[in-house]
Structures are given as structure tokens and as C-alpha cells.
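Trainee: Following this message is one structure expressed as C-alpha cells.
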């Protein structure tokens, strides 16, 4: 098919300030076959009224509902969508470059649609007034299942998946996801293919209220890490996600990836497995500073 259908999957929550700009950037895509699906996660501001205006114009399909958090909200929105060839995740406060979807489709349609596929691209950082800050730094080690076990470089703002991936996400009984984007990344890196486009395809707005830490200064980023990793016991949730992933999909992984995943799915601390992870011969993360911190986390049994 010349122009496969793309469903844009958007979850909103109190996003009245920027949601119009984001939706307009989707409507202005050069790619012709796009449908926009929005699930509102119980907004208390004027977001739903804005979305209803777009719905009346036939520009979006809206599903206002109760607050369940952004992860469950995205999964529900995926399940609401009509069948499409590809599904593009979208946040409420960014702006897409006009050829974002066209680039994704051009690369995805060259691949085998019967296996899980994920496309992601680089992006540019902008402040809340859309003044340019910096380019995102390319991931020099690239995507891999090894990386997906501990990190999600395929952010929801820049990810497009195929129908095979969507169906796995919706129909497999996943309950322990730490992020819709992270789950898609693990599925595709472990059972299919991940395509990395180093061309920036969107303006990533940093407002100070974003869930992800991208764009923070070095000190602010380290403070964010300490709070999340050590005070909030973040890795207990990651371990639950990995244990569930092994139960659901372990038999679909290669022997090498299944063996690696098993180092992370013990429910009690294992010194032997901790040492194996600390001295694992290949990098998990993209930067050496991140890798050193990760190996320390392995050693003390946090992950």
C-alpha cells in the first residue's frame, strides 16, 4: 500500500497550555494518511474542551476518562485505536517537524511487517517558549535488547511501532510496564527490529513539568537520579517489569538474550549474579559515566 495508515496515540492531562500547538503540528504533517486518537487522563483544566473542538471538526477521536496515570492511559489509548499499519506515540506539549511521520513510514515499510518493528529518531531540545536549546546527542552504541533491559532510549515522543508490536502490547496481559515506550522497545529489540534515525524529527519542549529528565543540567540530572533511583526505590518496579517480561516472552528470545535477562529476574539478591552483571563484557548504557553508576547499582543489588 502506497500510504499505510498511521494512528497517532496521544494521552493528555492538564495540557491546555500547549495541546493546540502539538495537534496542529500533527495536522500539518506532509504524510497524508493519519488519524489522531486522544485519551484524556482526567484533566481538571480546559484540555477536554479544546479537544472536543477538534473532535467536532472531525480532526481527532477523543476518549475522555478517569485518571489512571500516563502508562495505563497510553495502553488504553492503544486499545481504543482502530486498526492501522503503524502507531505513533505522542506527548501533549511538543511540536513535530512536518516530515516526522513520512520519515518513519519510509523506513518501516521496507521491513518485514510480520515481526515487531519500532522506529525512533533524534530530537531537538526547546524551552517552554520554543526557543532552541540544543540537539539531542546521538546514541553512539545504538539500540539493543541489552540496553533495553536497563534503559529506554526510544522515548515515547519519537517512537513509531507497527501493528504487530501494538497487538502484542495490547493482547499479552502486560501489567508491570514502566512505560509504554519502554515496553515497546523491549519487545522489538528482543523479538523484532529497532530502527534508529539520527535525523531530529521534533521539538522537545522542556517545561520543568515533563516526566522524563532529558535536557536537565548535569547537577539537576544527578539530583533527579538520586531521588528516583535510591529514595523512590525505582528499580524494584523495573525488576517487576523484567520478571513479567521473562514470563510472557522469555521463550521468544534468543538463547543469548534469554540468558542475559535471567541475570535480572531473581527475586532475591544473588551475589554471583551481581558479580556477573558487574563484570559483563559489553556496555549496557550509552555513556561511560552512566555505565559506572549502573555497575554500582548492580553490585549493591538494586537491579
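Trainee: Just checking, how many residues over the range 32-65 are touching a strand residue (DSSP E or B) at 6+ places or on another chain (Cβ under 8 Å) and in contact (Cβ under 8 Å) with a residue 12 or more places away in the chain?
Mentor: Residues meeting the conditions: 22.
Trainee: For the range 8-19, give me each residue that is surrounded by fewer than 18 Cβ atoms within 10 Å (Cβ to Cβ) and in a strand (DSSP E or B).
Mentor: none
This table checks each residue for (1) surrounded by fewer than 18 Cβ atoms within 10 Å (Cβ to Cβ); (2) under 21 Å from residue 92 (Cα atoms); (3) in contact with a strand residue (DSSP E or B) (Cβ under 6 Å, 6 or more places away or on another chain); (4) at pLDDT 65 or above.
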site: 190; (1), (2), (3), (4): no, no, no, yes
site: 201; (1), (2), (3), (4): no, yes, yes, yes
site: 226; (1), (2), (3), (4): yes, no, no, no
site: 238; (1), (2), (3), (4): no, no, no, yes
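Trainee: Do we have residue 289 as assigned to a loop (DSSP other than H, G, I, E, B) and either in the same structural domain as residue 243 (by TED's automatic domain parsing) or closer than 21 Å to residue 246 by Cβ (or both) here?
Mentor: no
Trainee: Does the range 130-149 include one or more residues that are outside the structural domain of residue 75 (by TED's automatic domain parsing), over 30 Å from residue 278 (Cα atoms), modelled with pLDDT under 95 and touching a strand residue (DSSP E or B) at 6+ places or on another chain (Cβ under 9 Å)?
Mentor: no
Trainee: Would you confirm whether any residue within the range 118-130 is part of a loop (DSSP other than H, G, I, E, B) and under 24 Å from residue 191 (Cβ atoms)?
Mentor: Looking through the range 118-130, none of the residues is part of a loop (DSSP other than H, G, I, E, B) and under 24 Å from residue 191 (Cβ atoms).
Trainee: Can you tell me how many residues in the range 98-112 are in contact with a strand residue (DSSP E or B) (Cβ under 6 Å, 6 or more places away or on another chain) and assigned to a loop (DSSP other than H, G, I, E, B)?
Mentor: 1
Trainee: Answer yes if at least one residue in the range 246-253 is closer than 20 Å to residue 183 by Cα, more than 23 Å from the chain's Cα centre (by Cα) and not assigned by TED's automatic domain parsing to the domain that holds residue 177, and no otherwise.
Mentor: Yes - at least one qualifying residue is present in the range 246-253.
Trainee: Here's another thing I want to ask about it. Does residue 251 satisfy the criteria of being touching a strand residue (DSSP E or B) at 6+ places or on another chain (Cβ under 8 Å), part of a helix (DSSP H, G or I) and modelled with pLDDT of 95 or more? Give the steps one after another, and end with the answer.
Mentor: Numbers: touching a strand residue (DSSP E or B) at 6+ places or on another chain (Cβ under 8 Å): no; part of a helix (DSSP H, G or I): yes; modelled with pLDDT of 95 or more: yes.
Answer is no for this residue.
The values are calculated or read from the model by the stated rules, or taken from the named source; none is laboratory data. None of these values were measured; they are calculated from a predicted model. Note that we place each Cβ from the backbone using ideal geometry, even for glycine, and neighbour counts take in every protein chain shown.
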